[in-house]
Amino acid sequence: MKGFYSVMAAMVVAGGSVAMAATPITVNNAGFESAFSAGDWVASSTGGAYAFGQYTFAGQFSPTHSSQAAYAYGDTSNGSGSSVTLTQTLSANYAAGNIYTLTVGVGDRNDMALNPYRVQLWAGSTALIDSLSPVSPADGTFTTATLSSPASPSGSPSGALKIVLVALPTGDSSHQVVFDDVGLSFEAAAVPEPATFSLLGLVGLGFLSRRRHA
């Protein structure tokens, strides 16, 4: 019987699971092609020492990045040392059992060092995703950061989903991070295939049979 259970366990594992197709969630002004407005991004700044905005970075990226993007930089000369955030609260609410995937284009200008940054996704007061500088693009390029939440996050996530892009203070104005093309999608956590359920049932019957003959 020991061999039987070993084989069945292997078959259950091999049975795998059914992955659901990803469903996109609307992010307003995802490419920063328009000025910030109600319903999309809210930018924070402190003491005039920080800046967030949209800009066509002609000549700063190769290949040329001609579309608008959002930039952020830190200058702690005013002594505040605060981070700067770009936030969008979405119309979609968190749903238990979903896995959320957040993508953000991150650019490093030719003429500036990359500002340290964070990429976050929140549900209420619970961070589903919180990653410190997940990608480091080469000078003059963009790289896409792709981050996924756990199927069962700790805490008590609830309410509207919120994307937060953070520029961390650096102590000078020679650093900048550029964000573009923000995307969010979700898929239900994988569930066992029907064949896997059948195999589990066989394992259970085998266990009962063994107990009867014991």
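Quick notes on this one:
- Residue count for segment 61-74, restricted to those that are surrounded by fewer than 20 Cβ atoms within 10 Å (Cβ to Cβ) and modelled with pLDDT of 80 or more: 1
- Which numbered condition Pro137 misses (of (1) more than 16 Å from Ala72 (Cα to Cα); (2) in a loop (DSSP other than H, G, I, E, B)): (1)
- Residue match in segment 105-124 (condition: basic (Lys, Arg), out of contact with any His (no Cβ under 7 Å at 6 or more places or on another chain) and in a strand (DSSP E or B)): yes
- Verdict on Ser185 being at pLDDT 80 or above, within 29 Å of Asn98 (Cα to Cα) and loosely packed, with under 14 Cβ neighbours inside 10 Å: no
Residue by residue, here is whether (1) touching a Pro at 6+ places or on another chain (Cβ under 8 Å); (2) crowded, with 16+ Cβ neighbours inside 10 Å holds:
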site: Asn93; (1), (2): no, no
site: Asp108; (1), (2): yes, yes
site: Asp111; (1), (2): no, no
site: Arg118; (1), (2): no, yes
site: Ser136; (1), (2): no, no
site: Thr143; (1), (2): yes, no
site: Leu147; (1), (2): yes, yes
site: Lys162; (1), (2): no, yes
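Let's see how each residue does on (1) more than 30 Å from Pro157 (Cα to Cα); (2) at pLDDT 95 or above; (3) of a type in the set (A, V, I, L, M):
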site	(1), (2), (3)
Val42	no, no, yes
Thr76	yes, no, no
Asn93	no, yes, no
Asp111	yes, no, no
Pro116	no, no, no
Leu128	no, yes, yes
Ser133	no, yes, no
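- For beta carbons closer than 7 Å, sequence separation of 6+ or different chains, a first residue in segment 53-70 that is under 18 Å from Thr144 (Cβ atoms) and a second that is crowded, with 18+ Cβ neighbours inside 10 Å and at pLDDT below 80, the qualifying pairs are Phe57/His65; Ala70/Phe52.
- Residues that are touching a Phe, Trp or Tyr at 6+ places or on another chain (Cβ under 8 Å), surrounded by fewer than 17 Cβ atoms within 10 Å (Cβ to Cβ) and hydroxyl-bearing (Ser, Thr, Tyr) within segment 149-160 comprise just one, Ser158.
Let's see how each residue does on (1) under 18 Å from the mean Cα position of the chain (by Cα); (2) at pLDDT 95 or above; (3) under 28 Å from Ser154 (Cβ atoms); (4) assigned to a strand (DSSP E or B):
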{"site": "Thr46", "(1), (2), (3), (4)": "no, no, no, no"}
{"site": "Tyr55", "(1), (2), (3), (4)": "no, no, no, yes"}
{"site": "Gln88", "(1), (2), (3), (4)": "yes, yes, yes, yes"}
{"site": "Ile99", "(1), (2), (3), (4)": "yes, yes, yes, yes"}
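- Among (1) under 20 Å from Phe52 (Cα atoms); (2) surrounded by fewer than 16 Cβ atoms within 10 Å (Cβ to Cβ); (3) among the β-branched types (Val, Ile, Thr) - the single one Val178 does not satisfy: (2)
- Subset of segment 11-29 that is modelled with pLDDT of 95 or more and not polar (S, T, N, Q) - its residue that is farthest from Gly97 (Cα to Cα): Val27
The values are calculated or read from the model by the stated rules, or taken from the named source; none is laboratory data. These numbers were taken from a predicted model, which means no experiment stands behind them. Note: ideal-geometry Cβ built from the backbone for every residue, glycine included; neighbour counts use all protein chains shown.
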